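Just below is one structure, and these are the notes that go with it.
The values are calculated or read from the model by the stated rules, or taken from the named source; none is laboratory data. Model, not experiment: these values are computed from the prediction. We place every Cβ from the backbone using ideal geometry, glycine too, and count neighbours over all the protein chains shown. Just the protein is used for accessible areas: all its heavy atoms, side chains included, with ligands, DNA and RNA removed. Shrake-Rupley method; radii C 1.70, N 1.55, O 1.52, S 1.80 Å.
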Amino acid sequence: MAVVKLFGAWTSPYFYRVIWALKLKGIPYECIEEDLLNKSPLLLQYNPVHKKIPVLVHDGKPICESTIIPQYIEEIWPQPSLLPSDPYERAMARFWIKFADDKLILLALSPSISKMYRASGEEQEKAVKYILEMLETMEDHGLIGGKKFFGGDKISMVDMAFGAVAHWLGVIEDAAGLKIFEAHKFPRLQSWIQNFKEVPIIKENLTDRDKMFALLKRRREMLLASK
Amino acid sequence: MGEVNIVKLHGIGANPYSKRVEPALRIKGIPYEFIEEDLSNKSQLLLKSNPVYKKIPVLVHNEQPVVDSLIILEYIDETWKNAPQLLPDDPLERAKVRFWTSFIQQQLFEAMTRVVTCDGEIQAKAIDEVQGKMKVLEEGMKEVFPGSGSPSIDGDNLGLLDIMICSTFSPYKAYEEALGVKILDPERNPLVFCWVKALNELPLVKELYPPHDKLVALLKVVRENALRVSSST
C-alpha cells in the first residue's frame, strides 16, 4: 500500500487544511513535525523551490502547496467529495479558496509576517482594517442565503481554506489585545464558525489554543521589546 | 445535444490575463464574444459579474460569470472536455502543472510587474529577483519535460503551461526594447527561450498579440503612468 507522509507545523492553518482533507477521507498518514526555524534536509529536498510546509509525500513523490495538495487528494481519493462536481460550482469554490489565500497571509504565523500581533499603531490599524474588509466580504458575498457551509449543506475545501478565521483569528486577537471579529456584526460568519467547529473531524483536529496563545504572546513581547 | 452555449469574455486586448483565456477558447474551438472593457469606466455587467474584485477577465457562460484567469482556464477545461486538454489526466502531473503555473503567476509575473512599474533600487532588486526565478523555472521545466529537455510545440495541442509561458514571456522583445532589460536570455534560459520562440511562431499567437512596436509603446505608457502615480504619492 502506498505510504502517505505529511510534513507540517502545529501552528499552521495551511497544514491543518491538509490534515482535515486526509481525515475526512479516512486516509491514514504519517505526520512529520517540522521546526520552521530549523527545517529538515528531507523537507528541503522535497520542496526545494519554496522550502515550506505543508508537503504531502505520496508513494515517495512530493506534492507542495496547501491549495494544490487538497486537489490532489480529491483526485486520488474522490470520496467523500470535498469539491462540487459541477464545473461552475467548482469555479465558485476555487474563487473563494483563492480569496482566502490572498487575504489570510496576514494571519500566517511565521514570525516575520503577522502584522497584527507584532506591530502597534499605524501598521496594526492597517492590518485590522484589512481583516475587517475580508470578514465583510465573507459575510456579504460568501454566506448569503443562510447556508450552513460555504458550499451548502456539506463541508468542503472552501470552509477548510477559511479555517484560520474560525480558530486562529481568535487566538491572535487575544494575544494582540484586539477585538476584530464581533459576533453581532457578522451573524452569518458566527453561525458558520459554530457549524465548522462542530464537525467532529474539525473539532478533534484544531491546534492547541493555549499553547499557541502562549507562543504568540511571547513572540509579541520579544518583538515589541526589540523596537 | 443542441445545447446553447453563449460565451462572452470581458477583457482588455493587450492585458496579459485576458491573453491567457483567449488561446484556450480558440484551441478548443469555443465561439465567444470579446467585450473590451475600459478600466476607468467599467461596464455594469462587469461590476455585477465580479463584485468582489471588480477585475478582468471575466468569462460569462450562459449568463454565469467566472472570474480569475486561472480559475477560468480550469473551468473551460472541465466544461468543454474535447481535446486538447489544458491539464493532464494523471493527478501527480496535474499537481506539477498547477505548481509551476502558480510559480509563474505569483513569483515571476509579480516580480516582472515591478520591473515595469518601478525604477531605481526597487527596479534593480526586481530585475535580480526575476533572473533568479528564471533560473528556478528553467530547472523546473527540465523536470517537467525530461529527456528531450524541451516541450514539443503543437499549435493544436497547447496546455496550461504553454498558455502561462506564452502570456508571460511572449512579448519579451518588447520588454527589452521598452525597458532595456533582458528578461529572457538564450544562454541563461535556453529551454524557456526556445519554448517561447516556438510559441511565438504559432499563427494563433501571432494573431492574438499586437505587433512589436505597439507592444513597446504600450509598455512605455504603462511604465510612465505607474512612475507618475508613485512619485505623486
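Listing for the model above:
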{"quantity": "Qualifying positions in segment A:54-70 - within 22 Å of A:Asp102 (Cβ to Cβ) and either of a type in the set (Val, Ile, Thr) or more than 7 Å from chain B (Cβ to nearest Cβ) (or both)", "calculated": "A:Pro54, A:Val55, A:Ile63, A:Ser66, A:Thr67, A:Ile68, A:Ile69, A:Pro70"}
{"quantity": "Qualifying position, being more than 30 Å from B:Trp80 (Cα to Cα), assigned to a helix (DSSP H, G or I), open to solvent by less than 20 Å² (accessible area, probe 1.4 Å) and among the acidic types (Asp, Glu), among B:Glu138, B:Glu129, B:Glu121, B:Glu177", "calculated": "B:Glu138"}
{"quantity": "When residues of segment A:1-26 are limited to those that are in contact (Cβ under 8 Å) with a residue 60 or more places away in the chain and among the hydrophobic types (A, V, I, L, M, F, W, C), the one nearest to A:Lys197 (Cα to Cα)", "calculated": "A:Trp20"}
{"quantity": "Count of segment B:3-26 residues which are open to solvent by 30 Å² or more (accessible area, probe 1.4 Å), touching a helix residue (DSSP H, G or I) at 6+ places or on another chain (Cβ under 7 Å) and either assigned to a loop (DSSP other than H, G, I, E, B) or not basic (Lys, Arg) (or both)", "calculated": "4"}
{"quantity": "Residue match in segment A:45-53 (condition: touching a strand residue (DSSP E or B) at 6+ places or on another chain (Cβ under 9 Å), within 11 Å of chain B (Cβ to nearest Cβ) and either open to solvent by 20 Å² or more (accessible area, probe 1.4 Å) or of a type in the set (Gly, Ala, Ser) (or both))", "calculated": "yes"}
{"quantity": "Test result for B:Val66, within 14 Å of chain A (Cβ to nearest Cβ), part of a loop (DSSP other than H, G, I, E, B), open to solvent by less than 60 Å² (accessible area, probe 1.4 Å) and more than 23 Å from B:Leu202 (Cα to Cα)", "calculated": "no"}
{"quantity": "Among residues of segment B:91-132, those that are of a type in the set (A, V, I, L, M, F, W, C) and away from every other protein chain (no Cβ under 14 Å), counted", "calculated": "11"}
{"quantity": "Pairs where the first residue, in segment A:146-159, is touching a residue at least 60 places away in the same chain (Cβ under 8 Å) and the second is of a type in the set (Val, Ile, Thr), C-beta under 8 Å, 6+ apart", "calculated": "A:Gly151/A:Val158; A:Ile155/A:Val199; A:Ile155/A:Ile202; A:Met157/A:Ile97; A:Val158/A:Ile97"}
{"quantity": "Members of segment A:188-201 that are under 13 Å from A:Lys154 (Cβ atoms) and out of contact with any strand residue (DSSP E or B) (no Cβ under 8 Å at 6 or more places or on another chain)", "calculated": "A:Val199, A:Ile201"}
{"quantity": "In segment B:32-59, residue nearest to the other protein chains (Cβ to nearest Cβ) [restricted to those that are outside any loop (DSSP other than H, G, I, E, B) and surrounded by 22 or more Cβ atoms within 10 Å (Cβ to Cβ)]", "calculated": "B:Leu59"}
{"quantity": "Yes/no for B:Ala24 being under 17 Å from B:Pro210 (Cβ atoms), out of contact with any strand residue (DSSP E or B) (no Cβ under 7 Å at 6 or more places or on another chain) and among the hydrophobic types (A, V, I, L, M, F, W, C)", "calculated": "no"}
{"quantity": "Meets criteria (open to solvent by 40 Å² or more (accessible area, probe 1.4 Å), acidic (Asp, Glu) and either more than 19 Å from the chain's Cα centre (by Cα) or under 20 Å from B:Glu129 (Cα atoms) (or both)) for B:Asp154", "calculated": "no"}
